[in-house]
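Here is the structure we will look at.
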Amino acid sequence: MSDPQATYLSDYRPPAYRVTHTELTFDLDPAATRVKARLHLERHPERTAGEPLMLDGEGLTLEAIALDGEPLEADEYSQDEASLTVHRVPERFHLDTEVTIAPEANTALEGLYLSSGMYCTQCEAEGFRRITFYPDRPDVMATFATTVIGGPGEPVLLSNGNPVERGELPNGRHFVTWEDPHPKPSYLFALVAGDLKKVEDAFTTASGREVTLQIWVEEENLDKTDHAMASLKRAMRWDEEAYGREYDLDLFMIVAVNDFNMGAMENKGLNIFNSAAVLTHPHTATDAAFQRVESIVAHEYFHNWSGNRVTCRDWFQLSLKEGFTVYRDQCFSADTNSPAVKRIEDVSFFRTAQFAEDAGPTAHPVRPDHYIEIGNFYTLTIYEKGAEVVRMLANLVGEEAFRRGSDRYFERFDGQAVTIEDFVDCMAEASGLDLSQFLRWYSQAGTPEIDAFGEYDYAKAEYRLILRQRTPATPDQPDKQPLHIPVRLGLVGTKSGRDLPLTLEGEALGSDAVIHLREAEQEFLFTDVSEAPVPSLLRGFSAPVKLRFPYGREDLAFLLANDGDGFNRWDAGQRLAMLALDDLIAAHRNGVEKVMDPRVIEAFRGLLEGEPEDRAVLAEMLTLPSEAYIAEQQPLVDVDAIHAAREFMRQGLAMALRDDFLRVYRENQSDAAYAPTPEQIARRSLKNVALAYLMAIEDEDGVALAREQFAADHNMTDVRHALTLLTHSSRDELSEPALKAFGEKWAHDPLVMDQWFAIQVTRPQADVLERVRFLMEHPAFSLKNPNKVRALIGTFAGQNRVNFHRLDGAGYRLLADTVIELNRLNPEIAARLVTPLTRWARFDESRQELMKAELERIRAEELSPNVYEVVEKALA
Ligand code: PHE
Ligand code: ZN
């Protein structure tokens with residue numbers, strides 16, 4: 001086999017033929033589903049007459065083909081492994097094809113497959129070509145009419161749009177015909193068939209349209225849909241209010257499936273969800289899961305406009321729909337919950353995971369200019385950095401212009417497949433701002449670094465701020481241009497502890513302002529600064545950059561106590577902890593005694609003893625930077641030193657502040673009936689953070705509380721947290737009985753078993769790798785189920801840093817073994833799983849050698865394009 005080839009943005013051309021209407025008939029069968037397609041085609045006005053018709057198609061067995069009703073002779077078309085070409089076609093015509101496919105053999109979970117006995121589809125990005133021959137690209141938009149034929153095992157037959165006809169057929173079979181009046185690209189096609197049960201509700205849109213809402217699940221999950229339904233209705237209302245966007249069909253359906261590569265999919269009128277992203281129950285799902293479900297339900301719903309009505313011209317524009325939609329779901333969650341905590345959570349995840357991606361061999365711009373396998377580009381950069389870029393736009397143009405710009409975008413491009421420039425142009429027009437330099441955010445990869453310096457001139461009452469930006473080289477992009485970076489800031493007076501009024505070049509800006517950094521180096525002179533300030537920079541993480549400022553520890557303790565911006569107050573605490581952690585890491589490496597910085601203890605004491613205004617934010621402030629985040633800050637990652645330093649600090653804090661933690665635990669403990677409200681979630685997080693500190697020193701009161709909390713069995717948030725703490729303790733008599741009880745109780749529930757796997761494989765104990773191998777044989781585990789792979793292998797490799805990076809290389813071997821097996825079964829999941837190995841350059845030489853050896857071992861296999869692309873980049 002020849003090496004897979006790349007596709008380039010610069011090669012874009014409109015399709016030679018477009019499809020105006022698509023008629024499909026599925027006669028379902030696990031081994032041989034027959035798919036008949038009638039495509040109504042016409043030449044694209046921008047393409048010359050007489051070009052051959054090329055259709056995508058993979059793994060299809062062609063049974064029949066006819067043009068305008070005439071069967072084609074063998075020499076009138078040709079076929080290879082990825083396409084079918086009809087040599088001569090008229091200007092307008094229809095093409096009939098019939099193919100067979102085998103859903104039961106589909107382990108890649110792209111196209112039509114079976115999940116727990118249920119038929120379902122996944123077509124984004126290029127799955128439709130595994131269903132029928134088609135111009136499988138997002139700029140081909142057609143209306144669809146779909147007939148699904150099933151047997152007694154499939155009482156429910158669903159597709160996009162509205163059901164228009166149903167009836168009985170011979171041999172106990174039956175059919176339903178669906179029509180979707182909205183033109184859509186093939187990636188939004190969906191079909192579901194099986195023995196499903198529904199929960200139904202209704203929503204009236206702002207203009208009075210009655211919409212039926214349905215959530216389809218397996219019968220045993222009927223009691224786990226309330227939260228998703230409530231979230232859906234909130235999201236529908238929010239999109240009307242915040243963006244003026246209404247739903248546009250009479251029916252909106254969500255289906256839960258157990259085997260799914262991603263979180264969920266926004267198919268028109270028929271969203272398909274990973275069951276983990278939709279099902280919740282207080283006894284089976286944690287607060288985090290409840291919040292995740294709310295945001296994913298909203299995300300997929302928001303795609304109806306940002307993605308479906310207005311879609312992407314080509315897959316290079318993927319962030320056009322994903323970045324914008326993530327931004328929309330983030331704002332929705334911020335509005336429904338605690339905005340400060342939402343931002344803290346999103347940013348701490350971003351600075352850990354996206355920064356690492358940007359610093360590694362697969363770094364790519366928000367709009368890549370080439371790819372081998374588009375499935376590899378559903379990344380943190382496209383999604384989360386894309387959302388940060390939209391957020392910067394919103395901050396630059398202001399709320400009102402942003403809304404005008406988005407209205408303009410949806411109106412102008414409704415029913416079209418467009419580009420990122422089209423979106424940014426609307427924002428530029430609506431605001432009158434020149435966004436040409438800003439566009440570099442879409443083409444330049446890597447995390448910009450800002451070095452900031454400040455100087456206060458007491459005599460002149462001036463504060464001079466100097467900002468220098470540079471973006472480090474990334475693969476294929478050695479030289480970078482300066483970006484247009486919004487820096488939100490305040491100056492906090494050291495005497496008053498208040499945000500001082502800002503005057504820049506004679507202009508009064510209030511006490512919190514956005515300055516525009518455009519040059520490689522730029523100076524900002526603030527006048528009338530009445531007292532010496534500590535600058536509070538990049539408030540709310542106003543740009544996805546790394547910002548350095550030579551803060552002293554007193555400065556940080558001061559900001560932690562006084563900053564007017566909640567996010568930066570949290571960030572000051574993280575910076576303070578980082579400085580102290582750096583010392584501890586150095587001490588560990590040099591083999592000298594570790595000493596706890598009393599300033600960190602005092603800062604934490606201040607937090608614990610102060611009046612908590614926002615318990616959820618407080619819980620975040622009391623949480624130390626994660627090992628992954630600390631690693632991201634180190635030039636060379638020393639996993640053992642990082643782990644040792646962080647544990648030392650956790651224990652130091654726990655010993656010094658034991659009584660405070662105990663009190664906070666007791667004050668926030670409650671027996672009230674579970675509800676995923678912001679107030680309850682805040683109390684639970686705070687209490688559980690306190691408990692984790694007590695368990696860090698295995699304090700006897702703490703141990704007793706953890707056991708009680710586990711035994712009380714009140715809600716999954718508390719049970720899971722207690723079980724995690726018991727499992728991660730050094731005492732087998734705490735962990736083993738609890739794990740056993742939990743595993744037996746929940747053996748029937750796959751989503752809870754995923755949590756059971758994840759809890760065990762994050763244990764710090766040295767024998768955990770052997771446990772991972774053992775659990776891979778557990779009856780509840782299956783390599784064919786992506787949730788299981790993520791829970792067991794993904795969690796181990798991604799979160800158990802000390803043990804994954806074992807010096808004997810056993811962790812790397814385990815991961816490579818799994819990647820090799822999955823490469824055959826599910827290339828998309830295999831390519832994602834390999835990520836930790838691609839980060840080899842960040843580690844010491846012996847680990848580098850071991851990691852590269854495993855990558856080489858993978859490369860020696862016959863690889864899917866997905867794994868090939870990632871491994872090639874990692875070894876380049
Ligand atoms: N488009 C989906 C989303 O972000 C994600 C997805 C991509 C799902 C590819 C499946 C396959 O909402
Ligand atoms: Zn999305």
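The values are calculated or read from the model by the stated rules, or taken from the named source; none is laboratory data. As the structure is a computational prediction, the values presented were derived from the model and not from experiment. Heads up, the Cβs are rebuilt from the backbone with ideal geometry, glycines too, and the neighbour counts pull from every protein chain shown.
Each residue in region 435-459 was checked for being touching a residue at least 12 places away in the same chain (Cβ under 8 Å) and within 30 Å of Ala532 (Cα to Cα), and 9 of them qualify.
Which condition number does Ala289 fail, the rest of (1) more than 14 Å from ligand 1 (Cβ to nearest atom); (2) touching a Leu at 6+ places or on another chain (Cβ under 6 Å); (3) among the hydrophobic types (A, V, I, L, M, F, W, C) being met? Every listed condition holds for Ala289 apart from (2). Within region 255-312, being touching a Lys or Arg at 6+ places or on another chain (Cβ under 6 Å), assigned to a loop (DSSP other than H, G, I, E, B) and of a type outside the set (Val, Ile, Thr) holds for Lys268, Leu279, His281, Trp305, Gly307, Asn308.
Within region 365-387, the set of residues being more than 16 Å from ligand 1 (Cβ to nearest atom) and either among the aliphatic types (A, V, I, L, M) or under 16 Å from the mean Cα position of the chain (by Cα) (or both) comprises just one member, Ile372. Of all the listed residues (Glu91, Glu124, Glu98, Glu110), the sole one being buried (at least 23 other Cβ atoms within 10 Å of the Cβ) and within 20 Å of Arg18 (Cα to Cα) is Glu124. Cβ-Cβ contacts under 8 Å between residues 6 or more apart (or on different chains), taken from a first residue in region 313-328 that is farther than 14 Å from Lys385 by Cβ and polar (S, T, N, Q) to a second residue that is assigned to a helix (DSSP H, G or I) and more than 10 Å from ligand 2 (Cβ to nearest atom), are listed as Gln317/Ile420.
None of Leu433, Leu439 is farther than 30 Å from Ala874 by Cβ, touching a helix residue (DSSP H, G or I) at 6+ places or on another chain (Cβ under 8 Å) and surrounded by fewer than 19 Cβ atoms within 10 Å (Cβ to Cβ) except Leu433.
Out of curiosity, is Asp195 surrounded by 14 or more Cβ atoms within 10 Å (Cβ to Cβ), more than 27 Å from Arg173 (Cβ to Cβ) and among the acidic types (Asp, Glu)? Can you show your working first?
Values: surrounded by 14 or more Cβ atoms within 10 Å (Cβ to Cβ): yes; more than 27 Å from Arg173 (Cβ to Cβ): no; among the acidic types (Asp, Glu): yes.
In short, no.
Scanning region 663-685 for residues that are assigned to a helix (DSSP H, G or I), among the aliphatic types (A, V, I, L, M) and more than 25 Å from the chain's Cα centre (by Cα) returns a single hit, Val664. Within region 263-284, the set of residues being away from ligand 2 (no atom under 13 Å from the Cβ) and touching a Leu at 6+ places or on another chain (Cβ under 7 Å) comprises Lys268, Gly269, Leu270, Ser275, Ala276, Leu279, Thr284. Among all positions in region 443-461, there is no residue which is part of a helix (DSSP H, G or I), closer than 25 Å to Gly540 by Cα and either touching a helix residue (DSSP H, G or I) at 6+ places or on another chain (Cβ under 8 Å) or modelled with pLDDT under 95 (or both).
Taken together, Phe355, Phe332 contain a single residue that is away from ligand 1 (no atom under 16 Å from the Cβ) and in a helix (DSSP H, G or I), which is Phe355.
Scanning region 817-836 for residues that are surrounded by fewer than 23 Cβ atoms within 10 Å (Cβ to Cβ) and within 13 Å of Phe796 (Cα to Cα), we see that the one that is nearest to the chain's Cα centre (by Cα) is Thr835.
Of the numbered criteria (1) within 14 Å of ligand 1 (Cβ to nearest atom); (2) surrounded by 22 or more Cβ atoms within 10 Å (Cβ to Cβ); (3) more than 22 Å from Glu411 (Cα to Cα), the one His299 fails is (3).
The requirement of being in a loop (DSSP other than H, G, I, E, B), of a type in the set (Lys, Arg) and in contact with a Gly (Cβ under 8 Å, 6 or more places away or on another chain) is fulfilled nowhere in region 7-17; no residue meets it.
Exactly one residue out of Glu736, Glu708 is assigned to a helix (DSSP H, G or I), charged (D, E, K, R) and more than 24 Å from Ala780 (Cβ to Cβ): that is Glu708. Against the numbered list (1) of a type in the set (D, E, K, R); (2) in contact with a Gly (Cβ under 9 Å, 6 or more places away or on another chain); (3) surrounded by fewer than 21 Cβ atoms within 10 Å (Cβ to Cβ), Asp314 comes up short only at (2). Picking from residues in region 237-254 that are within 16 Å of ligand 2 (Cβ to nearest atom) and not in a loop (DSSP other than H, G, I, E, B), the one that is nearest to Ala394 (Cα to Cα) is Tyr243. Taken over region 336-352, residues that are in a helix (DSSP H, G or I) and out of contact with any Phe, Trp or Tyr (no Cβ under 7 Å at 6 or more places or on another chain) amount to 8.
Looking across region 291-306, just one residue is without any contact (Cβ under 8 Å) to a residue 40 or more places away in the chain and more than 12 Å from ligand 2 (Cβ to nearest atom), and that is Arg292.
For Leu270, the test of being more than 16 Å from the chain's Cα centre (by Cα) and within 15 Å of ligand 1 (Cβ to nearest atom) is passed.
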